[in-house]
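Notes follow the structure.
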Amino acid sequence: MGSVRAVLIDIDGVLTVSWQPLPGAVEALREIRAAGLGVALVTNTTSRTRASIAEALADSWFPVSAQDILTAPAVTAAYLAEHYPGARCALLNSGDIAEDLGGVTVVGGDEGDDAAPDVVVVGGAGPEFDYAALNRAFGHMQRGARLVAMHRNLYWRTEQGLQLDTGAFLVGLEKAARVEAEITGKPSAAFFEAALAHVGVGAEEAVMVGDDIESDVLAAQSAGVTGVLVKTGKYLPETHRDASGTPDHVIDSFADLPGLLAELRESAQQ
């Protein structure tokens, strides 16, 4: 389809909401696969492992496997191995992601622990983000621990509507501890570089499809990838209007992506 050789796709809010497929999403992904395009599902989801995500999507007939999925926890594990090898990490996250944190030394970090954590790693928000947990993380940082966050999304959409996410708490931790978190998932450039390497294409040969105009679309465009915003999931007209930039393309839903790719192919051939 023209110069496009691969599609990077956010999952939550684009393919599914609360892991239920959005209308036409399964069929659209099958059409993209049939066209021979590379596919990488790139997600800041921190409540499930890659294998669990793949199983949930396969149960809804999406043509994907764990090898197609790149998660913020998996990228975080690689980041910690490179930048903080051997570090003791205190993890604040909702969900069991141990399988995707291979090689990371996760410690409880409770008071009385002989060796304080070197790094506070913040994943996805949930009931675990109570006062005691946040205050404990704050204490670690006061004692010199670095702060690494898998993302800074403010909210996400579920079947119950918009729900607070990590970013709402992360801002407070940063300001209180007077530090700036090192972000490993979207919108970091390193995340998109990892995704492009995963599918083996250059930035100019890929498109990124997401419902978060800043973290998905504009961040991808900053990395040289064509950005496509969908009006599903967390999309809100006011965030679109007030965004820091303009998406390359806007479509109603992922079901419209094959049509957009066909248009791009025709334009490239003219």
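The values are calculated or read from the model by the stated rules, or taken from the named source; none is laboratory data. Small disclaimer: the values here were computed from a predicted structure and weren't measured. Cβ atoms come from the backbone with ideal geometry, glycine included; neighbour counts cover every protein chain shown. Only protein heavy atoms, including side chains, enter the accessible area calculation; ligands, DNA and RNA are left aside. Shrake-Rupley method; radii C 1.70, N 1.55, O 1.52, S 1.80 Å.
Here are a few things to note about the model shown:
- The portion of the accessible surface of segment 90-183 made up by carbon and sulfur, rounded to a whole percent, is 48 (1.4 Å probe; DNA, RNA and ligands excluded).
- About its Cα centre, the chain has a charge dipole of approximately 240 debye under the convention of +1 per Lys or Arg Cβ and -1 per Asp or Glu Cβ, with nothing else charged.
- Accessible surface calculations at 1.4 Å, restricted to protein heavy atoms, place segment 102-194 at 52 Å² per residue.
- Taking Cβ atoms as reference points and 11 Å as the exclusive limit, the residues near Phe62 contribute a net charge of -2, counting Lys and Arg as +1 and Asp and Glu as -1.
- Note on Arg178/Ser3: beta-carbon distance plugged into 1/(1 + (r/R0)^6) with R0 of 51 Å gives a FRET efficiency of 0.65.
- Normalised by the number of residues in segment 90-183, the mean separation of alpha-carbon contacts (under 8 Å, six or more apart) gives a relative contact order of 27 percent.
- The mean sequence distance of close C-alpha pairs (under 8 Å, at least 6 residues apart), as a share of the length of the chain, puts its relative contact order at 23 percent.
- Karplus-based coupling profile of segment 63-76, in residue order and whole Hz: x, 9, 10, 4, 5, 7, 10, 10, 10, 4, x, 5, 5, 4, with θ = phi - 60° in 6.51 cos²θ - 1.76 cosθ + 1.60 and x standing for Gly or Pro.
- Placed amide H near Arg88: partners under 5 Å, 5+ positions off or other chain: Asp118, Val119
- For semi-axes √(5λ) of the Cα gyration tensor in Å, the value computed from the atomic coordinates appears in the list (i) 28, 22, 17; (ii) 23, 22, 20; (iii) 34, 18, 17 under label (iii).
- A DSSP coil position with no more than 15 other Cβ atoms inside 10 Å describes the following chymotrypsin sites (Phe, Trp or Tyr not before Pro) in segment 1-91: Trp61.
- Degrees, to the nearest 10: 131-142 long Cα axis against longest axis of the chain: 80 degrees
- Nearest 10 degrees, 0 to 90: helix 166-177 Cα axis against the chain principal axis: 40 degrees
- Net charge dipole size for segment 46-180 [Lys, Arg +1 and Asp, Glu -1 on Cβ; Debye, nearest 20]: 460 debye
- If the segment from Arg241 to Val107 were pulled out straight at 0.36 nm per residue, it would be longer than the present Cα-Cα gap by 44.0 nm.
- Note that segment 192-205 has calculated 3J(HN,Hα) couplings of 5, 4, 5, 5, 5, 5, 4, 9, x, 10, x, 4, 6, 9 Hz, one per residue in order, obtained from phi through the Karplus relation 6.51 cos²θ - 1.76 cosθ + 1.60 (θ = phi - 60°); glycine and proline are x.
- Choice from Gly38, Gly123, Gly161 with maximal GNM fluctuation in the chain (Cα, 10 Å cutoff): Gly161
- Helix 25-34 and the longest principal axis of the C-alpha atoms of the chain enclose an angle of approximately 70°.
- Springs between Cα atoms under 10 Å define the GNM used for the chain, and in it the highest mean-square fluctuation of Ala137, Ala197, Ala116 occurs at Ala197.
- Cα gyration tensor shape for segment 118-270, rounded if a/c is under 1.5, else prolate or oblate: prolate
- Bridgeable lysines around Lys175 (alpha carbons under 24 Å apart, same-chain partners fewer than 8 residues away excluded): Lys186.
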